[in-house]
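Every number in this text was worked out from the coordinates using simple rules, so none of it is lab data. Remember, it's a predicted structure, so these values are computed and weren't measured experimentally. Glycine also receives a Cβ, built like all others from the backbone with ideal geometry; neighbour counts cover every protein chain displayed.
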Amino acid sequence: MKKVAILTNGGDAPGLNAVIRAIVKTAETHGIECYGYIEGYKGLLNNDYVRLEPNGNASGILDKGGTIIGTSNNTNVFHYKVVKEDGSVEYQDLSDKCVENIRNAGFECIFTLGGDGTQKSSRDFCLKGVNCIGVPKTIDNDVAHTETTFGYNTAVSVAMDALDRLHTTATSHHRVLTLEVMGRYAGWIALESAIAGGADVALIPEIPYDMNKVIEKIERRKANGKEFSIVVVSEGAKPKDGEITIKKVLDDGAGLDNVRLGGAGEVVAEQIEKLTGMTTRNTVLGYVQRGGTPTSFDRVLSTRYGVKAMELAMQGIFKVLVTYKGGEMGYVDLDEVVGREAKIGDASSKNRTIPLDHELIRVARQLGMCLGD
């Protein structure tokens, strides 16, 4: 093996640069050239890439947030939105052009750093004869077959810090404060940060909530002399017999998640204030969760992911996702991650949600935390 390339796709996450650094440094150790496609699959389509130098542009990035090669979260090259000269829109499969770009560049393996959508395209490229190795990236921690994704620990730590700060205001003003955190389909960030930050209520996508149960918890606390409450709301949380709160719907084409969530925390806050009469304010943590310096845990985990990915490439093991299970690095076939039934170009739908019998849910209940049911 002589030449490999990396692309980072989807939303950014703390630890992306640490993965890039680990791949580049491991490649250098074995005399392999490493390149990076600019802005994910968009760079692959545009044949836009740069050489990554361990003593140059890939140096000193271990502690840096974001990604030095950029990312894109609206590019599905298997169903690419093309605006024609007359203004009409047409969706085209431009994946063959990407395959040609890879082969002309002489890249023997493409490392795809991203979430479920990114890995779906990675699997599809493998079916077209491209050697790909996926590395799971999502602060939501919801990629199938891996226990912990890099960036998740940092996101939870940021949410915990926010809860610590919100506690001081809540106690001072005798208010109910809600904190909306990321978590479209899975409530890992909401639940773990709620436990770490001592929240009283945690509403997650896995458990549709009954607002009456939330109100009962808040009023019971007040009756016991606790005149404030902290509520953590995952952006994908929804009421029983209700729907998730959608901010807007995009038109980026099939194979992409065009739904933008937002407002779940505000909806909950308004209902609490109306039903209890207590002053209630909502804070949306938003992109603060996924930016900035990764924690030490994420730096080490990211490095392990990157080294393992490069090792698999040198062993000739492709069409796999690097995994972290039971404290050990491993891998699983990409078909198992995105679903063997998933056709080329279709959107991925497999996500790792919190099992209702998971220890974290049991711990939350033992602490008296309300989960909305």
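Odds and ends about this structure:
- Shape call, the range 197-236: gyration tensor on alpha carbons, a/c limit 1.5: oblate
- Signed unit charges on C-beta, dipole axis of the range 118-194, positive-most listed residue 149, 118, 190: 118
- Eligible lysines near residue 240 by straight Cα distance, threshold 16 Å, same-chain separation 8 or greater: 213
- With at most 15 other Cβ atoms within 10 Å, longest stretch of the chain clear of loop trypsin sites (Lys or Arg not before Pro) (DSSP): 241-339
- Residues of the range 215-238 with amide N under 19 Å of a point placed 7 Å along Cα→Cβ from residue 172: 227-231
- Pairwise Cα distances in the chain exceed 30 Å for 41 percent of all pairs.
- Estimated translational diffusion coefficient (Stokes-Einstein, Kirkwood radius over Cα pairs, 37 °C, 0.692 mPa s) of the range 1-119: 221 µm² per second.
- Remark: relative contact order (the range 123-172) = 21 percent; criterion is Cα-Cα distance under 8 angstrom and separation of 6 or more residues.
- Sparsely packed loop sites in the range 1-94 (the GluC sites (Glu not before Pro) outside DSSP H, G, I, E and B with at most 14 other Cβ atoms within 10 Å) comprise 85.
- Set 3/81; 238/274; 2/81; 222/247; 25/64; 42/137 screened for pairs whose C-alpha atoms are more than 23 Å apart: 3/81; 2/81; 222/247
- The chain, relative contact order in percent, only Cα pairs under 8 angstrom and at least six apart counted: 22
- Antiparallel beta bridges, as assigned by DSSP with both residues in the chain, represent about 35 percent of the total such bridges.
- Candidates 124, 161, 241, ranked by Gaussian network fluctuation over the chain, Cα under 10 Å, top entry: 241
- The range 128-249: proportion of alpha-carbon pairs further apart than 17 angstrom, %: 61
- Largest GNM mean-square fluctuation across 166, 127, 177, computed for the chain with C-alpha springs under 10 Å, falls on 127.
- Taking 0.36 nm per residue of separation and subtracting the current Cα-Cα distance, fully stretching the chain between residue 103 and residue 196 would add 28.7 nm.
- Note on the chain: with charges restricted to the Cβ of Lys and Arg (+1) and Asp and Glu (-1), its dipole about the Cα centre is near 560 debye.
- Under 17 Å from residue 319, Cα to Cα: aspartates and glutamates that are on another chain or at least 8 residues apart: 108, 116, 124, 311, 333, 335, 336, 341
- Set of aspartates and glutamates near residue 84 by C-alpha distance (under 18 Å), chain-local residues within fewer than 8 positions excluded: 93, 251, 252
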